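Encoded as C-alpha cells, the structure appears first; notes follow it.
What follows draws every value from the coordinates through simple rules; no lab data is involved. For clarity, every value in this text was computed on a predicted model and none was experimentally measured. Here the Cβ is made from the backbone with ideal geometry for all residues, glycine too, and neighbour counts use every protein chain on show.
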There are 2 protein chains.
Amino acid sequence: MAQDKKLVEEITSMDEDFTKWYTDVVKKAELMDYSSVKGCMIIRPNGYAIWENIQRQLDARFKEAGVENVYLPLFIPESLLQKEKDHVEGFAPEVAWVTQGGLETLPERLCVRPTSETLFCELYSKIVNSYRDLPKVYNQWCSVVRWEKTTRPFLRSSEFLWQEGHTVHATAEEAEQRTIQMLDIYASFCEEVLAIPMIKGKKTDKEKFAGAESTYTIEALMHDGKALQSGTSHNFGDGFAKAFDIQYTDKENKLQYVHQTSWGVSTRLIGALIMVHGDDSGLCLPPAVAPVQVTVIPVQQRKEGVLDAARGIYDSLKAAGIRASIDESDKSPGWKFSEAEMRGVSLRVEIGPRDMEAGKCVIVRRDTRAKEECLISDVAETCRRIMGEMQSDMLSRAKAHLQSHISDAHDYEEFKKTVEEKPGFIRAMWCGDEACELKIKEDTTATSRCMPFEQEKIDDKCVCCGKPAKKLVYWGKAY
Amino acid sequence: MAQDKKLVEEITSMDEDFTKWYTDVVKKAELMDYSSVKGCMIIRPNGYAIWENIQRQLDARFKEAGVENVYLPLFIPESLLQKEKDHVEGFAPEVAWVTQGGLETLPERLCVRPTSETLFCELYSKIVNSYRDLPKVYNQWCSVVRWEKTTRPFLRSSEFLWQEGHTVHATAEEAEQRTIQMLDIYASFCEEVLAIPMIKGKKTDKEKFAGAESTYTIEALMHDGKALQSGTSHNFGDGFAKAFDIQYTDKENKLQYVHQTSWGVSTRLIGALIMVHGDDSGLCLPPAVAPVQVTVIPVQQRKEGVLDAARGIYDSLKAAGIRASIDESDKSPGWKFSEAEMRGVSLRVEIGPRDMEAGKCVIVRRDTRAKEECLISDVAETCRRIMGEMQSDMLSRAKAHLQSHISDAHDYEEFKKTVEEKPGFIRAMWCGDEACELKIKEDTTATSRCMPFEQEKIDDKCVCCGKPAKKLVYWGKAY
C-alpha cells in the first residue's frame, strides 16, 4: 500500500498552504506545464479536455442567443491600437510587439492582440452601412497575449485562451440589453455546468475596462475566501464608434453612431473549478464538465472474469453516452483510486471477484466518497442518477460556502478587522469616491469587486470616509 | 427582376477568369475579408461556420483514433527553433519576430509559431521517460504565422488556422503506421465529408517538410485543373529526438530515442471546397459540411398563411436535426434564391400560396437545380434523402472530373505539350534525380505533386532525362 499513497502524499494540504496546494494539483492532475517561454503555459490533455467541455457547452448557449463565430487576425497595427485613447493607455504597457517579418524590419510595429476591440471596430466600420446590417453579434475563440510579470497557472499568464464577443447595435438600449444578456449567460453557465455560484454586479469606474462606459462582472468565491473575477461584459456606448467612425443610416436616412459591447471568459474558469471544488485528494469536477465522468476500476483483475465484467460495464457506460474510461493498467487498485481522484473523475465503479459473482458493482462519488452498491445491469442508469445528484450537491455546497463567507461591515474598524480575520466577501456601503477605494486597497489589500445588481442599503454612510453612502459594494481580496 | 440578378452579375464567370471568379465568390459569399494587417484575413461567419463543421467532424475522427488535444504557446524562443538544423533553415526566413514585451526589449527574440515541432519536442523531452509513457498522440487547433509575400484567401495567408498533430512512438514501425493512419483519416474525411477525392502519395525529397524523413500528402484537383496540396503527414524518424534528446528506457531498461510524426490540415480545405464544387452562381457546399443545409424561402409571403406554412417547414427541419434557415426578409424571392445559391446552401425549399393549398412545397438542389415536389408533412425526410443523394453525386462528379484530368506522358515533348494543352495531373516516370524535377519546373512550372501509393510502371525511362525510371510521379501546376 506504500505505493498507493505516493501520489497524494506529494500534494500539500489546502489548509497548510493553499497556493502550494493549487500548484500541486495543477501539476499532479497533469492539467498544465510550464514551457521555456516565460509566462506561457502548456495546457496538457487533462486540462484541455476541461476547456473543450466548457467551450462546447458555452458556445451552444451563445448560438442559441444569436451569436456567430468569426476569426480576426492575431496582429494589430500600432496605429489601429492607438485610435481609442483610454483603450491604448490600458493595454499598450502590456503587449508584445512584432517588429520583424521574415528577413525585413516592419515599417510599423504590430502588437499581438491583447484583446480585439480595435480589429472588430475596423471590420464593423466596413461592413455596417444601414440599419438593415444591425445588429452584428460576433464572437471568436482564440488566444490573447498580455505581457505579465508574475504568472500563475490558469489565473494569470502571458498568453491565455478565451472567447471574446463583440457586438454592434442601433441603440444604446439594445447594447445595454446585450451586455446584461451575456453576463446572465455566463452566470447561468457557471452555476449549471461548473456548479459555481456567482455574484453579479457592476464594476466601479476605477475597475472598469479600458475604453468602456460600464463593465459588468461575475465574481466567484474560492475555497480560501479570495474572490476570482470570472467573466466580464462591457458596454462601450458609442465611444469606439466615434473613434473608429462606425455609422449607419437609420430608417429616416440619417447617419447614426452604433453602440457596442464586448464580453469574455477565459481558461481562468478552470482555475475557478480547481479552487472551488478541489480538496486534499486533488481535483474534483462536476460531472457536466468532467472529461472523464466515470472510470471503471477492476479489483483483483487477474481473477477470471473480472476484467471481462469491468469491460462490460465500461461498454454499457459508453453506450449510454457517458464519458467513461477503464483502468486496466498493472497498478494496484489503491493507486488507481488515488489517480482517478487526483484527476477529478466524478465517479468510479469498482468491480472485484465477489461483486461480480453477485452481479453487482460499487459506485463511489468523488466529492463525498459515498459508496453505493448497484446491479451491473443498472450501472449506466445508476451512474447517471448519481451524477445528477452530485452536480446539484456540488452547487449547493458551493452556494453554502459563498453565503457563509459574506460579512457585512458598517464602519472602517469592523471592515479592517473582517478583512483580517474572516476570509470572504465583505458587503459595505460606499460614497462613490475613488479615493476611498484606493485607501481601502492600501490599508487592507481588499478591492471593490462589484456593486451587486441586488442593491440594499445596509447603512447610510460610506464605510471608509463616513460621507453619505451611494452604493452597496462587495469588497474582497482577489486573484 | 433587375434586382434579382444583381448579386450574380457581379461574379466573374469561371471560364473567363478563374482567379477572379474565386476572389469574387470569397467576397460575395461573405466568407472572408481583408484586414489592415498585411497578409492577414478576417474569416467571416459564413466562412468560419464551414471551418467549425470541418473541425468538429475531423476532431471526432481524431478522437476515435486516440488523439488527445492540447495547447502549446504561441511563441518559440529563437534558440529552441534553432535546435534542428533543417527545420530552422526551412522556417526562419518566413517567421514573424517578437522583440519587445511590454516596455522592455526581450533578451531573446521569440518567433510567432510557424508550426510547433520544436515546442512539442521540448514538452516530450520532459514528459517521456519510460516505454510506459509511449505513445503520445497529441494535437492542437490553433493559428500559425508564415510571413508570405503574396497571399490569396484561404490558400496562402500570413496567418492561417489549422490543426497540427505531433506524436512520439517507441519504434520506427509504429511511427510510420501513425503517419499513414492520419493521412488515411484525412483522405477519407475529404471524400466522405467534403466530397473531394484525393490522390495519396509520398513527396519527393525536394518537396518534403523541413526536418522530415518522409512526407506524405493528399492532393486534390481543382476545377481549373490545378492541384492543391490539401494535407500532409510527416514521419520524422528519430532526427528531432536526437536534436532534442527525447529518450525513453525500454523494457530491457536501455535508453532509446523516440520516433516522431506530425500532420496537419488547414483552412486551405475551404479553398478546395470552393474550387472543386463552386460554379458561376457561387459557392456549392456538400450537405455534410454546409453551415446551412436547407433554407426555406416563402414566395408571395404576404399572402395569408404562406409565412406560417414556411415557418412550419422550418420548424420541422430543425426538429429533425437539419441545419436550416428561413428567409423572411422583404427581398424578392429571386434575390433570395440567388443569395442562397451564392452562399452554397445545399437545398432550398420554396413554398407559395398554391403549394400551400395543395399541402406541398418544392425542393431545389443547389448542385443540379433539380426540383422535386413533396408533401409538407414529408419535407424533413425528403430533404434528408435528397441531401444524401447530393452528397454522393457531388463526390461522383468530382471523381469523374479528377479521372478525366489525369493524362499519361511518356516523353518530354508529350509532357510539355500536355502541361500546355490539358489542365490536370500528368502521370510520368521519374529517375529519382532532383535535377529533373528542377528542369521540369523551370520549363513548364509543373511540380512533382507526389509518388502515388499505387505505383505502376507506365514506362522504363524518366520522362525528363531518359535514364532508367524509378518511380511513377503525379505532376501538375499547383496552388
>> Through the Karplus equation 6.51 cos²θ - 1.76 cosθ + 1.60, θ set to phi - 60°, convert the phi angles of the stretch A:438-445 into ³J(HN,Hα) values in whole Hz; use x for Gly and Pro.
In response: 5, 5, 4, 5, 5, 6, 10, 6
>> Whole-Hz ³J(HN,Hα) for each residue in the stretch A:167-181, computed from phi via Karplus 6.51 cos²θ - 1.76 cosθ + 1.60 with θ = phi - 60°, x for glycine and proline: what do you get?
In response: 10, 10, 9, 6, 10, 4, 5, 5, 5, 4, 4, 5, 4, 6, 4
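Quote the relative contact order of chain A in percent (integer), defining contacts as alpha-carbon pairs under 8 Å separated by 6+ residues. Don't skip to the answer; put the middle values down first.
Working: 981 pairs, mean separation 67.6, N = 479.
That works out to 14 percent.
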> Which three extents, in whole angstrom, do the alpha-carbon atoms of the stretch B:11-277 cover along their principal axes, largest first?
Replying inline: 66, 49, 33
>> How large is the translational diffusion coefficient of the protein assembly as shown in µm² per second when you combine the Kirkwood radius over alpha carbon pairs with Stokes-Einstein at 10 °C and 1.306 mPa s?
In response: 52 µm²/s
> How high is the relative contact order of the stretch A:406-476, in percent, with contacts defined as C-alpha pairs under 8 Å that are six or more residues apart?
Replying inline: 41 percent
> With each label point set 7 Å from Cα along the Cα-Cβ vector, what nm distance links A:T171 and A:K20?
Replying inline: 5.9 nm
> Do any GluC sites (Glu not before Pro) in the stretch B:1-89 lie in a DSSP loop with no more than 13 other beta carbon atoms within 10 Å, and if so, which?
Replying inline: B:E10, B:E16
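Convex hull over the alpha-carbon atoms of the stretch A:174-257: what's its volume per residue in Å³?
Residue-normalised Cα hull volume stands at 105 Å³.
How big is the Cα convex hull of the stretch A:357-479 in projection, averaged over all directions, in nm²? Present the calculation step by step, with values, prior to reporting the outcome.
Numbers: hull surface 39.9 nm².
The Cα convex hull of the stretch A:357-479, projected and averaged over all directions, gives 10.0 nm².
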> Rounded to the nearest 500 deg cm²/dmol, what is the calculated helix-only ellipticity per residue at 222 nm for chain B, with -39500 (n - 2.57) per DSSP H run of length n ≥ 4?
Replying inline: -11000 deg cm²/dmol
> What is the magnitude of the charge dipole of the protein assembly as shown about its Cα centre, with +1 placed on the Cβ of each Lys and Arg, -1 on the Cβ of each Asp and Glu, and no other charges, expressed in debye to the nearest 20?
Replying inline: 40 debye
> In nanometres, what is the gap between the two model label sites at B:R152 and B:D308, each 7 Å from Cα along Cα-to-Cβ?
Replying inline: 5.2 nm
> Thinking of the stretch B:292-385 as a set of Cα atoms, what percent of all their pairs are more than 22 Å apart?
Replying inline: 16 percent
> Using a simple spin-label model with points 7 Å from Cα along the Cα→Cβ vector, what separation in nm is obtained for A:S332 and B:K85?
Replying inline: 5.1 nm
> Exactly which trypsin sites (Lys or Arg not before Pro) in the stretch A:414-459 are in a DSSP loop and have at most 12 other Cβ atoms within 10 Å?
Replying inline: A:K457
>> Looking at the calculated P(r) for the stretch B:406-476, what percent of the C-alpha pair distances fall above 16 Å?
In response: 35 percent
>> 5 Å is the cut-off here: which amide hydrogens, built 1.01 Å from N in the peptide plane, fall below it relative to B:D279, excluding neighbours closer than 5 in sequence?
In response: B:C284
> Applying the Karplus parametrisation 6.51 cos²θ - 1.76 cosθ + 1.60 with θ = phi - 60° to the phi angles of the stretch A:359-370, what ³J(HN,Hα) value in whole Hz is obtained for each residue in order, glycine and proline being reported as x?
Replying inline: x, 10, 8, 10, 10, 10, 7, 5, 6, 9, 6, 4
>> How big is the dipole moment of chain B about its Cα centre under a simple scheme where the beta carbon of each Lys and Arg is +1, that of each Asp and Glu is -1, and everything else is neutral? Debye, nearest 20, please.
In response: 260 debye
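Please sort A:228-236, B:326-334 by packing, taking for each peptide the average over its residues of neighbouring beta carbons within 10 angstrom, highest first. Intermediate results must be reported in sequence, preceding the final value.
On the way: A:228-236: 24.9, B:326-334: 15.2.
In decreasing order of mean packing, A:228-236, B:326-334 become A:228-236, B:326-334.
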> For the stretch B:373-446 and the stretch B:232-294, what is the separation of their Cα centres, given in Å?
Replying inline: 22 Å
> Within the stretch A:401-418, whose backbone N sits under 17 Å from a point 7 Å along Cα→Cβ of A:K467?
Replying inline: A:412
> If the viscosity is 1.567 mPa s and the temperature 4 °C, what Stokes-Einstein diffusion coefficient in µm²/s follows for chain B when Rh is the Kirkwood radius over Cα pairs?
Replying inline: 53 µm²/s
>> Inside 10 Å of the C-beta atoms of A:111-119, what's the mean count of C-beta atoms belonging to other chains?
In response: 2
